[in-house]
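Throughout, read-outs are computed from the coordinates displayed, never taken from laboratory work. In this text, all values refer to a predicted model and were calculated from it rather than measured experimentally. With ideal geometry, Cβ positions are generated from the backbone for all residues, glycine too; neighbour counts draw on all protein chains shown.
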Amino acid sequence: MITYSYVEEYVRQWRNGDITLNKRRIKLIELIERDILTSEDMYFDEEQIESYIQFTEKYYFPLTLTQKFKTCFIFLYYNDGSLVFDEHLDYEGRGGGKTGRISTLANYFISELHGINNYNVSVVANSEKQAKMSFTEVFNTIDKDDRLKSHFHHKKALIESRITKSEFQYHTSNANTKDGLRDGCVIFEEIHQYENSSTVDVFTSGLGKVRNPRIFYVGSDGYVREGFLDKLLERADNLLDGSVSIRDDGLFPFMCCLDEEEEMHNQAMWQKANSQFHPPLTSYAKTLLRTVMKQYNKLEHNPDGYEEFVTKRMNLPKVDLEKSVTSWTKIKATNQSYDLDVLKKRECIGCLDYASVRDFVSAGLLFLKNDNYFIPKELTHSFICKPFADKHYAYSKDKAENNNKKDHRKFAPIREWENDGLLTVKDIETMDPYLIVEWFVIKRKEGWNIKKIVGDNFKMDVLKPIFIENGFEVEVIRNPDAASGLLAPRIEIAFENEQVIFGDNPLMRWYTNNVLVKRLPNGNKVYRKKEEVKRKTDGFMMFLYGVWASRDLEDYDVSDTLDLLDALHF
């Protein structure tokens, strides 16, 4: 039988209801009580545990009970001196103190207190900024303390113990350019962004050349599914469920997360996702709690932040990371009335999507008025190549009375929309760029004040000279995905607040309903198609580009300004 005071106290607080744990941590306690505390061939190294705690609290910050609890299992050994846990998963909501903790571990491991020569430590992250975070914290701590300076050389990219010659350095996770290092410990940050194990494999290939090698996996959840993190979590769950023994898999799985999404609305449950919120709260935790509470309160008016809050703060990944741009209810709410005579007094953006020359092209005029985006039914138009319409929407068959209406027509009633003047089917194989430019020329002749034309860079090398030749200013969006990432919050809020106005335009509703919102590994949102061929999104992308350029629109009636000028006598 073995035990340790911090382990006993942690379990006692949970059993007494002083702290609230999620199901995974409860399973961890059960595993510890079943397989560790009853063991006769394991021991906690008291000297190392207390030495690390004293070192950290003297030079860095006070440790919480949770952090002391986890420390015990870093220095848990078999009687033969080998580690019980040579891998540690620290999976916790954003703000849980994970990065600060690995800073102290890295500094301790290379020191003579740890007592292993050449025990090199590497921290690996996707970005240099993240990778340098712990290194910079250790560097600055040494730099301001003369006693630490006497124990460590600290340089811009390398910190070395004067006694053990152990080194601490940081790396970015480009697995293609790094060879295995001679490390004693490797710490992986931002593991939620790893799509596979290639980075981990490269940086851990040099382990085993010094005794007691360790790997730490650190991070909150993210937006890469079926990647490295998901597989690691599955491995951890297998340990907690008892289907794998810790003697066969030396991973210490410390996992903080909500058990159910609804728990996010109960502040008392937030400690399930973040151990900093276990009472009594430190000054750091009180500040963090205020920050998280503000973010939670903003969700009512900023629904775009919902997934980020649940995924990163509550550490509970949203399953529907790919979803519609908005609900069908909000799409239908775009059917609002407007006054074309009022809009005609205002300037507008000419926007177009020319994603393919063989199927759809969409064009429109977008207006901004009182934070509402107007793209009126009468001022949008799509052009379709007839071969594409025939192949995918049975366009020519619509002429027959016995057309199978439950198939292609119901999916996209092209002929019906053409009869309503929403689109034109052209009997051509590829789209004529002059056709698109002419549509805008006609609108300008009708008196619409088009400030500029905006579209993405596809085919703009052909279109731009024609537009300029016809006297239009042109803006080209070089990276539509980057624009989507920047605009996604504004687009989502606009739909939520019913500030997008198409009028009674079933074609624009169809375009919008076909949009798939996808999260990239960096958290940015991009717009894709729910189905690659038939479910077109050209009209929505045209609208998106118009919103991008709407920053240049003045929110007032141009004609009122002209009338005022006419009334002045010079």
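Each 10 Å bin from zero holds the following percent of Cα-Cα pairs in the chain: 3, 15, 21, 18, 14, 13, 10, 5, 1, 0, 0.
The alpha carbon gyration tensor of the stretch 108-264 gives principal lengths a ≥ b ≥ c with a/c of 1.5 or higher and a/b greater than b/c, which makes the shape prolate.
Can you give the helix-only mean residue ellipticity at 222 nm for the chain, where every DSSP H stretch with n ≥ 4 adds -39500 (n - 2.57) and the sum goes over all residues, rounded to the nearest 500 deg cm²/dmol?
Values: 20 runs with 205 residues, N = 570.
About -10500 deg cm²/dmol.
In this calculation the C-beta distance from ASN196 to TRP14 is compared with R0 = 41 Å, giving a FRET efficiency of 0.70.
Normalising the average separation of contacting C-alpha pairs (under 8 angstrom, six or more residues apart) by the number of residues puts the relative contact order of the stretch 328-552 at 31 percent.
A simple spin-label model places the labels of ARG225 and GLN336 3.3 nm from each other, with each point 7 Å out along Cα-to-Cβ. The label point for LYS129 and the one for ASP432, both projected 7 Å from the Cα toward the Cβ, are 5.0 nm apart. Given GLY305, GLY93, SER283, which one lies farthest toward the positive end of the charge dipole of the chain, if we put +1 on the Cβ of every Lys and Arg and -1 on the Cβ of every Asp and Glu? It is GLY305. Taking 0.36 nm per residue of separation and subtracting the current Cα-Cα distance, fully stretching the chain between ILE442 and ASP555 would add 38.3 nm. Out of GLY455, TYR296, TYR78, whose Cα points farthest toward the positive end of the dipole of the chain (charges: +1 Lys, Arg; -1 Asp, Glu; placed on Cβ)? So the residue furthest toward the plus end is GLY455.
Could you give the length gained by full extension between VAL526 and LYS144, i.e. 0.36 nm per residue of separation minus their alpha carbon distance, to one decimal place?
133.1 nm
With the highest mean first, a sort of the peptides 471-481, 208-218 on other beta-carbon atoms found within 10 angstrom per residue produces 208-218, 471-481. Of all lysines in the structure, the ones whose alpha carbon falls short of 21 Å from that of LYS156, not counting any fewer than 8 places away in one chain, are LYS129, LYS132, LYS144, LYS165, LYS178.
Per-residue packing, averaged as other Cβ atoms within 10 Å, sorts the ranges 117-124, 31-38 into the order 117-124, 31-38, beginning with the highest.
Rounded to whole numbers, the Karplus 3J(HN,Hα) couplings from phi for the stretch 186-200 are 10, 10, 9, 9, 6, 5, 5, 8, 6, 7, 8, 8, 4, 4, 4 Hz, using 6.51 cos²θ - 1.76 cosθ + 1.60 with θ = phi - 60°, and x at Gly and Pro. Counting 0.36 nm for each residue step from GLU47 to ASP504 and taking away their Cα separation leaves a gain of 157.0 nm.
The distance from the alpha carbon centre of the stretch 32-56 to that of the stretch 445-466 is 69 Å, rounded to a whole number. Sorting TYR108, TYR284 by the number of Cβ atoms found within 10 Å of their own Cβ, with the fewest placed first, yields TYR284, TYR108.
Rounded if a/c is under 1.5, else prolate if a/b beats b/c, else oblate: with a ≥ b ≥ c from the C-alpha gyration tensor eigenvalues square-rooted, which is the stretch 210-333? Because a/c hits 1.5 or more and a/b fails to exceed b/c, the stretch 210-333 counts as oblate. Rounded to the nearest 20 debye, the dipole size of the chain about its Cα centre is 500 debye, using +1 on the Cβ of Lys and Arg and -1 on the Cβ of Asp and Glu. In units of the rule-of-thumb radius 2.2 N^0.38 Å, the stretch 325-365 shows an alpha carbon radius of gyration of 1.59. Couplings 3J(HN,Hα) for the stretch 56-66, derived from phi with the Karplus relation 6.51 cos²θ - 1.76 cosθ + 1.60 (θ = phi - 60°), are 5, 6, 7, 9, 10, 7, x, 8, 6, 4, 4 Hz, where x marks Gly and Pro.
Note on ILE163 and GLU378: the model spin-label points, each 7 Å out from Cα along the C-beta direction, lie 8.5 nm apart. Within the stretch 328-552, the proportion of C-alpha pairs whose separation exceeds 21 Å stands at 54%. Residues of the stretch 272-288 with amide nitrogen under 15 Å from the 7 Å Cα-to-Cβ point of THR136? Label zone hits: none.
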